[in-house]
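To start, the structure itself, in structure tokens.
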Amino acid sequence: MVKRKCVISVSYENTIGENLRFGITEMLILRLLSEEDKYVYQIAQELDARTNGSFSFKAVALYLPLYRLVERGLVDERREIVVGKRFRRYYHLNESGATYFEAVKKEYRIMADGVDAIMAWEE
């Protein structure tokens, strides 16, 4: 009988980074929408620019979290015609979303402080 080795070729660095990024993407979207209504490409560009590339997404990857926010009644969407028959879908943080965002910010700060306390970051 031949023993087989199980080899897993997973890049843990990519997996960890993806999990952390996607876990807080919704919060960052809410933050951007708290400033003004935005369309998805604009959100993607601002996430990339304002995080120095740490949160770089293709615009299409942001539709799922945006749809979830709309379904949960936290964000409204509207269409505006831009050129001819083409339109842009703008997203707006409504009153329920603003209240939810305030709660998310508080919870995030508590969690981040806890992580910092345990990790005792060494520079």
- Message: Looking only at segment 80-111, filter to residues that are touching a residue at least 40 places away in the same chain (Cβ under 8 Å) and out of contact with any strand residue (DSSP E or B) (no Cβ under 8 Å at 6 or more places or on another chain); which one of those is farthest from Lys38 (Cα to Cα)?
- Response: Tyr108
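I'd like to verify a number: residues in segment 60-104 that are acidic (Asp, Glu) and under 18 Å from the mean Cα position of the chain (by Cα), how many?
Let us first name the residues in segment 60-104 that are acidic (Asp, Glu), namely 71, 76-77, 80, 95, 102.
Still in the running and under 18 Å from the mean Cα position of the chain (by Cα): 71, 76-77, 102.
Counting residues in segment 60-104 that are acidic (Asp, Glu) and under 18 Å from the mean Cα position of the chain (by Cα) gives 4.
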- Note on the structure: Filtering segment 38-49 for residues that are part of a helix (DSSP H, G or I) and in contact (Cβ under 8 Å) with a residue 24 or more places away in the chain leaves a count of 2
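If you go through segment 73-107 one residue at a time, how many are assigned to a helix (DSSP H, G or I) and among the hydroxyl-bearing types (Ser, Thr, Tyr)?
Filtering segment 73-107 down to residues assigned to a helix (DSSP H, G or I) leaves 95-107.
Next cut, among the hydroxyl-bearing types (Ser, Thr, Tyr) only: 96, 99-100.
Result for segment 73-107: 3.
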- Item | Matching residues in segment 22-49 - criterion: being of a type in the set (Lys, Arg) and either touching a Lys or Arg at 6+ places or on another chain (Cβ under 6 Å) or more than 19 Å from Lys106 (Cα to Cα) (or both) | Lys38
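Here's the yes/no breakdown for (1) among the hydroxyl-bearing types (Ser, Thr, Tyr); (2) within 22 Å of Glu46 (Cα to Cα); (3) loosely packed, with under 13 Cβ neighbours inside 10 Å; (4) modelled with pLDDT of 95 or more:
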residue: Leu64; (1), (2), (3), (4): no, yes, yes, no
residue: Glu71; (1), (2), (3), (4): no, no, yes, yes
residue: Arg78; (1), (2), (3), (4): no, yes, yes, yes
residue: Tyr90; (1), (2), (3), (4): yes, yes, no, yes
residue: Gly97; (1), (2), (3), (4): no, yes, no, yes
residue: Glu107; (1), (2), (3), (4): no, no, yes, no
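Tell me which residues, restricted to segment 41-97, are among the β-branched types (Val, Ile, Thr), in contact with a helix residue (DSSP H, G or I) (Cβ under 7 Å, 6 or more places away or on another chain) and over 13 Å from Leu28 (Cα atoms). Working first, answer last.
Residues of segment 41-97 that are among the β-branched types (Val, Ile, Thr), as a first pass: 43, 51, 60, 70, 75, 81-83.
Restricting the remaining residues to those that are in contact with a helix residue (DSSP H, G or I) (Cβ under 7 Å, 6 or more places away or on another chain) gives 43, 75.
Within segment 41-97, just Val75 meets the criteria.
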- How many of the residues making up segment 1-60 are surrounded by 14 or more Cβ atoms within 10 Å (Cβ to Cβ), among the hydroxyl-bearing types (Ser, Thr, Tyr) and at pLDDT 95 or above? 1
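For segment 50-72, how many residues are assigned to a loop (DSSP other than H, G, I, E, B) and of a type in the set (Lys, Arg)? I'd like the intermediate steps shown before the answer.
Taking segment 50-72 first, the residues assigned to a loop (DSSP other than H, G, I, E, B) are 51-58, 72.
So of that shortlist, the ones also of a type in the set (Lys, Arg) come out as 58, 72.
Residues that pass the stated criteria total 2.
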- Message: Go through segment 56-79 and report how many residues are touching a residue at least 24 places away in the same chain (Cβ under 8 Å) and aromatic (Phe, Trp, Tyr).
- Response: 1
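The values are calculated or read from the model by the stated rules, or taken from the named source; none is laboratory data. Predicted model, so just to flag it, every value in this text is computed and none were measured. Ideal geometry is used to build each Cβ from the backbone, glycine not excepted, and the neighbour counts take in all protein chains shown.
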